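Note sheet for the following structure.
The values are calculated or read from the model by the stated rules, or taken from the named source; none is laboratory data. Computed from a prediction, not measured in an experiment: that's the story for all the values here. For neighbour counting, all protein chains shown are included, and Cβ atoms are generated from backbone atoms with ideal geometry for every residue, glycine included.
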Amino acid sequence: MKLSETKMSDIDEKQVVQGFILMAKEGMCQQDEILDKMDIVNRHLDELNSELADLQDADERLDIADEETTAKIVEQYGSVEEIRSKYKALVKERNAWAHLLTQLEELQPSTKNFNKSLCFSNIRELLRQNPDVKIGQIEKEAGIRLGYMSRLEKEGNKSEPSMEFIVTAAKLLKVSLDTLVSVNLTGLTPTEQYIVNFFDKLKADTIADKLDWNIESADYLNRLETDMNGYVDHPLFSLETFYEEGECEYPDEVTRVVFTSRSFGPKTFICGNCYNLRMKNGTTLYLMDIEKSVHKLNDAGAYAKEIWTYTPQVGCQFLVCSKDETPIAPLVDTLFSIVKERMQHPKLNKAVMYAIDSFMKDDLEDDNNGNEFPF
């Protein structure tokens with residue numbers, strides 16, 4: 001069953017399209033499904049543009065209308081303030097749908113076929129790891145006849161599994177959808193499996209707005225300097241002296257503050273926004289978007305994303321890079337894209353949320369003389 005055939009009577013269409021885009025980025029769609037979702041988005045855009053045109057026309061007519069015409073316009077659309085308020089809200093809504101259309105358009109040239117073999121191999125591996133879950137249980141909960149997966153696995157069967165089956169398998173086997181369809185789970189080392197579980201929880205908690213990610217811009221990180229003692233106020237950066245390709249025949253000796261990446265060593269610049277997350281006892285997780293400091297314009301190999309941690313009194317620990325040959329490398333880009341998308345929305349930390357919750361209850365008194373938070 002295609003995503004475009006999913007019933008949407010009781011589901012917000014915008015959420016459906018947003019969910020489709022997330023799964024489509026993992027290759028779980030066909031070209032016609034993208035076009036179906038584009039039709040939905042374009043329909044909403046047409047309706048919004050029509051309403052905006054009506055409101056704009058009403059606003060302009062109020063400026064020159066006589067008393068009788070003004071009364072009719074106000075009766076139909078509201079006062080000038082109400083018209084402009086509605087117009088502003090509709091513009092915001094239209095921009096949200098326009099952003100979805102842009103994302104769908106970007107998916108078109110990169111549409112890829114769903115890898116049924118990899119998905120089924122992963123399900124078999126996860127069933128082995130979770131003996132309490134049976135394939136029949138997945139099929140039953142997905143509303144599918146028993147033996148469904150075996151039939152699809154037969155040689156020559158080109159049918160793809162339904163969305164209900166894949167989602168149910170991911171839920172019962174406690175793995176994210178993107179991991180199930182994009183990572184070869186067979187033969188993972190214990191450390192790789194540990195990182196997969198860690199990343200799955202990071203993604204789920206990020207989507208649920210449970211995590212306080214922080215942004216570190218490329219401009220800020222590329223301009224870090226040492227203090228008078230040569231110390232850099234960032235655990236991943238240090239002052240290094242090394243040779244780097246220059247305009248002359250021979251490399252130049254340079255000294256600067258750099259992030260010494262696993263991919264490019266000290267010859268590393270920050271390419272885009274990076275993100276960090278403070279965890280227990282001061283351990284901090286870093287998502288680094290990097291590029292080689294000197295490279296050709298169209299060199300795709302000059303870009304990477306790396307994930308590191310820093311623990312006080314212990315130091316830095318490299319986890320994984322998007323360029324690695326490990327089977328879990330694809331998860332780096334997925335995690336990064338989820339965090340990046342979520343950081344485009346408003347964020348509130350626990351202290352601010354507590355203050356707002358108290359305000360909503362008409363509580364403006366400080367707790368413990370304002371020195372401590374109750375969490």
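Structure data summary
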item	result
Candidate set: the range 134-160, residues that are without any contact (Cβ under 8 Å) to a residue 24 or more places away in the chain, on the phi < 0 side of the Ramachandran plot and of a type in the set (Gly, Ala, Ser); chosen: the one surrounded by the fewest Cβ atoms within 10 Å (Cβ to Cβ)	SER159
Where a residue in the range 320-343 is without any contact (Cβ under 8 Å) to a residue 12 or more places away in the chain and its partner, wherever it lies, is aliphatic (A, V, I, L, M), with Cβ under 7 Å and at least six apart	ALA329/VAL320
Within the range 227-244, tally of residues that are surrounded by 12 or more Cβ atoms within 10 Å (Cβ to Cβ) and under 22 Å from GLY272 (Cα atoms)	9
Yes/no for THR326 being surrounded by 15 or more Cβ atoms within 10 Å (Cβ to Cβ) and of a type outside the set (Phe, Trp, Tyr)	yes
Test: residue in the range 95-107 that is in contact (Cβ under 8 Å) with a residue 40 or more places away in the chain, among the hydroxyl-bearing types (Ser, Thr, Tyr) and within 30 Å of SER182 (Cβ to Cβ)	no
Meets criteria (at pLDDT 95 or above, in contact with a strand residue (DSSP E or B) (Cβ under 7 Å, 6 or more places away or on another chain) and among the hydrophobic types (A, V, I, L, M, F, W, C)) for PHE336	no
Matching residues, the range 306-318, being of a type outside the set (Phe, Trp, Tyr) and surrounded by fewer than 19 Cβ atoms within 10 Å (Cβ to Cβ)	THR311, PRO312, GLN313, VAL314, GLY315, CYS316, GLN317
Strands (runs of 3 or more DSSP E) wholly inside the range 238-341 containing at least 2 residues that are within 25 Å of the chain's Cα centre (by Cα)	268-270, 274-278, 284-292, 303-311, 315-321
Verdict on ILE73 being in contact (Cβ under 8 Å) with a residue 24 or more places away in the chain and surrounded by 13 or more Cβ atoms within 10 Å (Cβ to Cβ)	no
Unmet criterion (only one of (1) under 30 Å from MET279 (Cα atoms); (2) surrounded by 12 or more Cβ atoms within 10 Å (Cβ to Cβ)) for LYS210	(2)
Residue in the range 288-300 that is surrounded by fewer than 19 Cβ atoms within 10 Å (Cβ to Cβ), of a type in the set (D, E, K, R) and touching a residue at least 60 places away in the same chain (Cβ under 8 Å) present	no
Qualifying positions in the range 173-207 - more than 19 Å from the chain's Cα centre (by Cα) and crowded, with 20+ Cβ neighbours inside 10 Å	LEU185
Qualifying residue in the range 64-82 (condition: aromatic (Phe, Trp, Tyr) and more than 22 Å from LYS14 (Cα to Cα))	yes
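Here is a yes/no grid of residues against (1) in the same structural domain as VAL17 (by TED's automatic domain parsing); (2) closer than 24 Å to GLN344 by Cα; (3) part of a helix (DSSP H, G or I); (4) at pLDDT below 85:
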residue	(1), (2), (3), (4)
GLU60	yes, no, yes, yes
ALA71	yes, no, yes, no
GLU75	yes, no, yes, no
GLU82	yes, no, yes, no
LEU90	yes, yes, yes, no
ALA96	yes, yes, yes, yes
